[in-house]
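The values are calculated or read from the model by the stated rules, or taken from the named source; none is laboratory data. The shown structure was predicted, so the numbers you read here are calculated from the model rather than taken from an experiment. FYI the Cβ positions are ideal-geometry reconstructions off the backbone, even for glycines, and counts take in every protein chain you see.
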Amino acid sequence: MKTLTDADVDRLLPMKDAILVMEGAFRAKAEGHLVSPPRFYVRFSRGTLAFTVGGDDVGGSAVGFRVYNTFPGAKEDGGVHPDRTQVTMVFDAGSGALQGTILGTRLGVLRTSAIGGTALKYLANPAAERIGFIGSGLQAKAQLDAAVSVLSLKGLRVFSPTPAHRQEFARRAAEKYGLAARAVDTAREAAENSDVVICSTDSARPVIEAEWIRPGTHVTTMGSKTTSEHEIGPAVAQQADVVASDSPAQLSAYSEPHILQGTGAWTRVIDLADIVSGRKTGRTAAGQRTLFLSEGLAGTEVLLAAELLRRA
(Lines give C-alpha, C1' and ligand atoms only; values in the text may rest on other atoms or scores of the structure.)
Protein backbone atom coordinates (compact mmCIF):
# COMPACT_ATOMS: atom_id res chain seq x y z
CA MET A 1 0.00 0.00 0.00
CA LYS A 2 1.42 3.37 -1.02
CA THR A 3 1.88 6.01 1.67
CA LEU A 4 3.13 9.41 0.55
CA THR A 5 4.29 12.42 2.57
CA ASP A 6 4.74 16.17 2.12
CA ALA A 7 8.06 15.63 0.39
CA ASP A 8 6.37 13.41 -2.20
CA VAL A 9 3.67 16.02 -2.82
CA ASP A 10 6.28 18.70 -3.52
CA ARG A 11 8.35 16.35 -5.68
CA LEU A 12 5.66 14.73 -7.79
CA LEU A 13 3.03 17.37 -8.61
CA PRO A 14 4.05 20.83 -9.90
CA MET A 15 1.50 23.63 -9.54
CA LYS A 16 0.68 23.78 -13.25
CA ASP A 17 -0.22 20.09 -13.22
CA ALA A 18 -2.26 20.50 -10.03
CA ILE A 19 -4.27 23.25 -11.72
CA LEU A 20 -5.00 20.92 -14.63
CA VAL A 21 -6.30 18.31 -12.17
CA MET A 22 -8.52 21.00 -10.61
CA GLU A 23 -9.92 22.01 -13.99
CA GLY A 24 -10.81 18.37 -14.61
CA ALA A 25 -12.48 18.19 -11.20
CA PHE A 26 -14.62 21.24 -11.93
CA ARG A 27 -15.66 19.81 -15.29
CA ALA A 28 -16.60 16.55 -13.53
CA LYS A 29 -18.69 18.56 -11.09
CA ALA A 30 -20.48 20.37 -13.90
CA GLU A 31 -21.21 17.02 -15.53
CA GLY A 32 -22.72 15.72 -12.30
CA HIS A 33 -20.26 13.03 -11.24
CA LEU A 34 -18.08 14.83 -8.68
CA VAL A 35 -19.52 14.10 -5.24
CA SER A 36 -18.64 17.09 -3.04
CA PRO A 37 -20.83 17.56 0.05
CA PRO A 38 -20.02 20.30 2.58
CA ARG A 39 -17.37 19.37 5.14
CA PHE A 40 -18.62 17.99 8.42
CA TYR A 41 -17.30 18.05 11.95
CA VAL A 42 -17.23 15.49 14.74
CA ARG A 43 -16.91 17.31 18.05
CA PHE A 44 -15.36 15.80 21.16
CA SER A 45 -14.81 17.21 24.62
CA ARG A 46 -11.26 18.37 23.83
CA GLY A 47 -11.45 19.17 20.13
CA THR A 48 -12.90 18.45 16.71
CA LEU A 49 -12.16 16.21 13.75
CA ALA A 50 -13.05 17.83 10.43
CA PHE A 51 -13.78 15.69 7.36
CA THR A 52 -13.96 16.53 3.67
CA VAL A 53 -15.34 13.60 1.71
CA GLY A 54 -15.94 13.09 -2.00
CA GLY A 55 -14.43 12.48 -5.39
CA ASP A 56 -15.28 11.48 -8.94
CA ASP A 57 -17.67 8.53 -8.71
CA VAL A 58 -17.25 7.38 -12.33
CA GLY A 59 -15.76 3.87 -12.36
CA GLY A 60 -11.96 3.91 -12.55
CA SER A 61 -11.67 7.28 -10.89
CA ALA A 62 -11.18 8.00 -7.19
CA VAL A 63 -13.19 8.67 -4.06
CA GLY A 64 -12.10 9.14 -0.48
CA PHE A 65 -11.74 11.57 2.40
CA ARG A 66 -9.39 13.93 4.21
CA VAL A 67 -9.42 14.45 7.98
CA TYR A 68 -7.71 17.05 10.14
CA ASN A 69 -8.14 18.16 13.74
CA THR A 70 -8.67 21.31 15.76
CA PHE A 71 -7.60 19.94 19.13
CA PRO A 72 -5.63 22.35 21.35
CA GLY A 73 -2.08 22.72 20.11
CA ALA A 74 -2.90 21.72 16.52
CA LYS A 75 -1.40 25.01 15.34
CA GLU A 76 2.07 26.28 16.07
CA ASP A 77 4.14 29.18 14.76
CA GLY A 78 4.66 28.69 11.06
CA GLY A 79 2.04 25.99 10.48
CA VAL A 80 0.56 22.79 11.85
CA HIS A 81 2.11 20.94 14.78
CA PRO A 82 4.06 17.97 13.35
CA ASP A 83 2.12 15.33 15.27
CA ARG A 84 -1.27 16.71 14.10
CA THR A 85 -0.82 15.80 10.47
CA GLN A 86 -3.70 15.53 8.03
CA VAL A 87 -4.63 12.19 6.46
CA THR A 88 -6.13 11.67 2.99
CA MET A 89 -7.25 8.19 1.93
CA VAL A 90 -7.99 7.26 -1.68
CA PHE A 91 -10.25 4.42 -2.87
CA ASP A 92 -10.94 3.17 -6.39
CA ALA A 93 -14.37 4.48 -7.43
CA GLY A 94 -15.22 1.27 -9.27
CA SER A 95 -14.14 -1.45 -6.85
CA GLY A 96 -13.78 0.38 -3.55
CA ALA A 97 -10.22 -0.92 -3.20
CA LEU A 98 -7.96 1.25 -1.07
CA GLN A 99 -5.31 2.81 -3.32
CA GLY A 100 -3.15 4.64 -0.81
CA THR A 101 -2.72 7.34 1.80
CA ILE A 102 -1.25 10.84 1.87
CA LEU A 103 0.11 12.08 5.19
CA GLY A 104 0.88 15.74 5.83
CA THR A 105 -0.38 19.26 5.24
CA ARG A 106 1.09 20.04 1.81
CA LEU A 107 -1.73 18.33 -0.09
CA GLY A 108 -4.32 20.60 1.50
CA VAL A 109 -2.26 23.70 0.73
CA LEU A 110 -1.73 22.54 -2.87
CA ARG A 111 -5.43 21.79 -3.31
CA THR A 112 -6.53 25.22 -2.12
CA SER A 113 -3.93 27.12 -4.12
CA ALA A 114 -4.62 25.11 -7.29
CA ILE A 115 -8.31 26.00 -6.94
CA GLY A 116 -7.22 29.63 -6.53
CA GLY A 117 -5.12 29.38 -9.68
CA THR A 118 -8.06 27.93 -11.58
CA ALA A 119 -10.25 30.82 -10.42
CA LEU A 120 -7.64 33.33 -11.61
CA LYS A 121 -7.41 31.62 -14.99
CA TYR A 122 -11.15 31.97 -15.58
CA LEU A 123 -11.99 35.18 -13.70
CA ALA A 124 -9.00 37.54 -13.67
CA ASN A 125 -8.17 39.84 -16.55
CA PRO A 126 -5.74 37.82 -18.71
CA ALA A 127 -3.64 40.97 -19.08
CA ALA A 128 -3.24 41.37 -15.30
CA GLU A 129 0.33 42.31 -14.35
CA ARG A 130 0.14 43.56 -10.76
CA ILE A 131 -0.91 41.45 -7.80
CA GLY A 132 -1.53 42.52 -4.22
CA PHE A 133 -1.52 40.26 -1.16
CA ILE A 134 -3.18 40.87 2.18
CA GLY A 135 -1.55 38.18 4.29
CA SER A 136 1.85 36.55 3.84
CA GLY A 137 1.53 33.07 5.34
CA LEU A 138 1.85 29.58 3.87
CA GLN A 139 -1.35 29.81 1.86
CA ALA A 140 -0.43 33.23 0.49
CA LYS A 141 2.89 31.81 -0.73
CA ALA A 142 1.08 28.93 -2.43
CA GLN A 143 -1.46 31.31 -4.00
CA LEU A 144 1.43 33.28 -5.48
CA ASP A 145 2.85 30.06 -6.94
CA ALA A 146 -0.55 29.43 -8.54
CA ALA A 147 -0.93 32.99 -9.78
CA VAL A 148 2.38 33.02 -11.65
CA SER A 149 1.36 29.72 -13.28
CA VAL A 150 -1.64 31.32 -15.02
CA LEU A 151 -0.83 35.05 -15.31
CA SER A 152 2.10 37.03 -16.71
CA LEU A 153 2.76 39.03 -13.57
CA LYS A 154 5.36 41.78 -13.28
CA GLY A 155 4.73 43.52 -9.96
CA LEU A 156 3.66 42.59 -6.43
CA ARG A 157 2.76 44.42 -3.25
CA VAL A 158 2.17 42.68 0.05
CA PHE A 159 0.88 43.74 3.43
CA SER A 160 0.63 41.72 6.63
CA PRO A 161 0.74 42.94 10.24
CA THR A 162 4.29 41.75 10.94
CA PRO A 163 6.87 43.76 8.95
CA ALA A 164 9.41 40.92 8.87
CA HIS A 165 6.85 38.52 7.40
CA ARG A 166 5.77 40.82 4.59
CA GLN A 167 9.37 41.73 3.80
CA GLU A 168 10.30 38.05 3.56
CA PHE A 169 7.33 37.40 1.28
CA ALA A 170 8.40 40.22 -1.05
CA ARG A 171 12.00 39.00 -1.05
CA ARG A 172 10.91 35.48 -1.99
CA ALA A 173 8.65 36.78 -4.78
CA ALA A 174 11.49 38.83 -6.25
CA GLU A 175 14.08 36.07 -6.04
CA LYS A 176 11.91 33.16 -7.17
CA TYR A 177 9.84 34.84 -9.87
CA GLY A 178 11.72 38.02 -10.79
CA LEU A 179 8.80 40.22 -9.77
CA ALA A 180 9.16 43.85 -8.82
CA ALA A 181 7.98 43.09 -5.30
CA ARG A 182 7.52 45.49 -2.41
CA ALA A 183 6.31 45.15 1.17
CA VAL A 184 3.95 48.01 2.04
CA ASP A 185 2.71 49.49 5.30
CA THR A 186 -1.05 49.29 4.74
CA ALA A 187 -3.58 46.94 3.16
CA ARG A 188 -4.80 49.83 1.05
CA GLU A 189 -1.40 50.21 -0.59
CA ALA A 190 -1.40 46.51 -1.48
CA ALA A 191 -4.92 46.51 -2.93
CA GLU A 192 -5.51 49.89 -4.50
CA ASN A 193 -3.25 49.68 -7.54
CA SER A 194 -3.39 45.93 -8.18
CA ASP A 195 -5.07 43.98 -10.99
CA VAL A 196 -5.49 40.97 -8.66
CA VAL A 197 -5.93 41.08 -4.87
CA ILE A 198 -5.54 37.93 -2.77
CA CYS A 199 -6.87 38.08 0.81
CA SER A 200 -5.44 35.22 2.85
CA THR A 201 -5.83 36.10 6.52
CA ASP A 202 -7.44 34.90 9.73
CA SER A 203 -8.94 38.33 10.37
CA ALA A 204 -12.43 38.56 11.88
CA ARG A 205 -12.93 42.03 10.39
CA PRO A 206 -12.70 43.22 6.76
CA VAL A 207 -9.15 43.76 5.54
CA ILE A 208 -10.11 45.65 2.35
CA GLU A 209 -12.69 48.30 1.46
CA ALA A 210 -14.81 48.33 -1.68
CA GLU A 211 -13.56 51.77 -2.73
CA TRP A 212 -10.01 50.40 -2.97
CA ILE A 213 -11.02 47.94 -5.70
CA ARG A 214 -10.86 49.71 -9.03
CA PRO A 215 -12.64 48.53 -12.22
CA GLY A 216 -11.00 45.51 -13.82
CA THR A 217 -9.68 44.07 -10.55
CA HIS A 218 -10.13 40.49 -9.42
CA VAL A 219 -10.38 39.70 -5.69
CA THR A 220 -10.00 36.29 -4.05
CA THR A 221 -11.04 35.93 -0.42
CA MET A 222 -9.98 32.87 1.55
CA GLY A 223 -10.73 33.80 5.14
CA SER A 224 -13.84 33.86 7.32
CA LYS A 225 -17.10 34.88 5.63
CA THR A 226 -19.82 34.61 8.30
CA THR A 227 -21.82 37.37 9.96
CA SER A 228 -19.66 37.45 13.10
CA GLU A 229 -16.29 37.02 11.37
CA HIS A 230 -15.61 38.10 7.80
CA GLU A 231 -12.44 38.96 5.87
CA ILE A 232 -14.30 41.17 3.38
CA GLY A 233 -17.52 43.13 3.76
CA PRO A 234 -20.68 42.78 1.63
CA ALA A 235 -19.89 45.94 -0.35
CA VAL A 236 -16.96 44.24 -2.10
CA ALA A 237 -19.32 41.58 -3.42
CA GLN A 238 -22.17 43.94 -4.17
CA GLN A 239 -20.02 46.05 -6.50
CA ALA A 240 -18.51 43.01 -8.25
CA ASP A 241 -19.81 42.25 -11.73
CA VAL A 242 -19.15 38.52 -11.26
CA VAL A 243 -19.18 36.59 -7.96
CA ALA A 244 -18.14 32.93 -8.03
CA SER A 245 -17.37 30.15 -5.56
CA ASP A 246 -15.85 26.71 -5.82
CA SER A 247 -18.51 25.36 -3.43
CA PRO A 248 -21.82 27.24 -3.24
CA ALA A 249 -23.12 24.39 -1.07
CA GLN A 250 -20.47 25.14 1.56
CA LEU A 251 -21.54 28.78 1.68
CA SER A 252 -24.86 27.69 3.16
CA ALA A 253 -23.45 25.03 5.48
CA TYR A 254 -21.70 27.08 8.15
CA SER A 255 -23.04 27.17 11.70
CA GLU A 256 -24.04 30.80 11.25
CA PRO A 257 -25.20 32.76 8.17
CA HIS A 258 -22.81 33.76 5.43
CA ILE A 259 -22.03 37.49 5.31
CA LEU A 260 -23.68 37.76 1.88
CA GLN A 261 -26.96 36.08 2.81
CA GLY A 262 -29.80 38.54 2.40
CA THR A 263 -27.84 40.74 -0.02
CA GLY A 264 -28.22 40.99 -3.77
CA ALA A 265 -24.81 39.40 -4.23
CA TRP A 266 -26.02 36.15 -2.60
CA THR A 267 -28.34 35.33 -5.49
CA ARG A 268 -25.62 36.08 -8.06
CA VAL A 269 -23.02 33.58 -6.83
CA ILE A 270 -21.96 31.35 -9.74
CA ASP A 271 -20.47 27.90 -9.34
CA LEU A 272 -16.90 28.02 -10.66
CA ALA A 273 -17.55 24.58 -12.18
CA ASP A 274 -20.14 26.12 -14.50
CA ILE A 275 -17.64 28.77 -15.63
CA VAL A 276 -14.83 26.25 -16.21
CA SER A 277 -17.17 23.98 -18.18
CA GLY A 278 -18.51 26.85 -20.29
CA ARG A 279 -22.07 26.50 -19.03
CA LYS A 280 -21.99 30.04 -17.65
CA THR A 281 -19.86 33.06 -18.38
CA GLY A 282 -17.36 34.60 -16.02
CA ARG A 283 -15.50 37.79 -16.92
CA THR A 284 -16.68 39.20 -20.24
CA ALA A 285 -14.87 42.57 -20.24
CA ALA A 286 -11.53 43.88 -19.06
CA GLY A 287 -13.15 46.54 -16.89
CA GLN A 288 -15.31 44.18 -14.84
CA ARG A 289 -14.67 43.54 -11.17
CA THR A 290 -14.69 39.85 -10.24
CA LEU A 291 -14.76 38.13 -6.85
CA PHE A 292 -13.92 34.54 -5.94
CA LEU A 293 -15.15 33.09 -2.64
CA SER A 294 -12.71 30.26 -1.91
CA GLU A 295 -14.34 27.57 0.24
CA GLY A 296 -12.38 24.39 -0.46
CA LEU A 297 -14.36 22.09 -2.76
CA ALA A 298 -14.66 18.66 -1.15
CA GLY A 299 -13.30 15.75 -3.18
CA THR A 300 -10.67 17.77 -4.99
CA GLU A 301 -7.95 16.81 -2.54
CA VAL A 302 -8.86 13.17 -3.22
CA LEU A 303 -8.38 13.66 -6.97
CA LEU A 304 -5.03 15.36 -6.39
CA ALA A 305 -4.05 12.50 -4.07
CA ALA A 306 -5.06 9.97 -6.71
CA GLU A 307 -2.84 11.71 -9.27
CA LEU A 308 0.04 11.70 -6.80
CA LEU A 309 -0.40 7.96 -6.19
CA ARG A 310 -0.43 7.31 -9.94
CA ARG A 311 2.82 9.25 -10.35
CA ALA A 312 4.42 7.50 -7.41
*Out of A128, A140, report the one residue that is outside any helix (DSSP H, G or I), touching a strand residue (DSSP E or B) at 6+ places or on another chain (Cβ under 6 Å) and assigned by TED's automatic domain parsing to the domain that holds A180.*
A128
*From the options S61, S95, residue that is modelled with pLDDT under 95, surrounded by fewer than 12 Cβ atoms within 10 Å (Cβ to Cβ) and of a type in the set (S, T, Y)*: S95
_Cβ-Cβ distance below 6 Å, separation of 6 or more or different chains: which pairs start in the stretch 1-15 with a residue that is more than 10 Å from A312 (Cα to Cα) and in the same structural domain as V90 (by TED's automatic domain parsing) and end on one that is among the polar types (S, T, N, Q) and in a helix (DSSP H, G or I)?_
M15/S149
*Here are P234, P215: which of them is in contact (Cβ under 8 Å) with a residue 60 or more places away in the chain, out of contact with any strand residue (DSSP E or B) (no Cβ under 7 Å at 6 or more places or on another chain) and over 21 Å from M22 (Cβ atoms)?*
P215
*Counted residues, the stretch 89-137 - those being among the charged types (D, E, K, R) and closer than 13 Å to I198 by Cα*: 1
*Scope the stretch 88-125; condition touching a strand residue (DSSP E or B) at 6+ places or on another chain (Cβ under 7 Å) and β-branched (V, I, T); matching residues*: T88, V90, T101, I102, T105
*Would you point out the residue of the stretch 1-18, among those that are crowded, with 21+ Cβ neighbours inside 10 Å and either of a type in the set (V, I, T) or in a helix (DSSP H, G or I) (or both), that is farthest from the chain's Cα centre (by Cα)?*
V9
*Considering only residues of the stretch 217-246 that are outside any strand (DSSP E or B), among the small types (G, A, S) and modelled with pLDDT of 95 or more, which is surrounded by the most Cβ atoms within 10 Å (Cβ to Cβ)?*
A237
_Every residue in the stretch 27-47 that is of a type in the set (D, E, K, R), in a helix (DSSP H, G or I) and closer than 19 Å to T88 by Cβ, please._
K29
*asked:* Based on this model, can you work out whether V158 counts as under 19 Å from the mean Cα position of the chain (by Cα) and assigned to a strand (DSSP E or B)?
replied: yes
*Go through the stretch 64-84 and count every residue that is in contact with a strand residue (DSSP E or B) (Cβ under 9 Å, 6 or more places away or on another chain) and either modelled with pLDDT under 85 or surrounded by fewer than 16 Cβ atoms within 10 Å (Cβ to Cβ) (or both).*
8
*Of the numbered conditions (1) touching a residue at least 12 places away in the same chain (Cβ under 8 Å); (2) more than 17 Å from L120 (Cβ to Cβ), T267 fails exactly one; give the number of that condition.*
(1)
*Before we move on, is G132 buried (at least 24 other Cβ atoms within 10 Å of the Cβ), among the small types (G, A, S) and more than 15 Å from the chain's Cα centre (by Cα)?*
yes
*Taking A183 as the residue in question, decide whether it is closer than 17 Å to R130 by Cα and either free of Cβ contacts under 8 Å to residues at least 24 places away in the same chain or of a type in the set (D, E) (or both).*
no
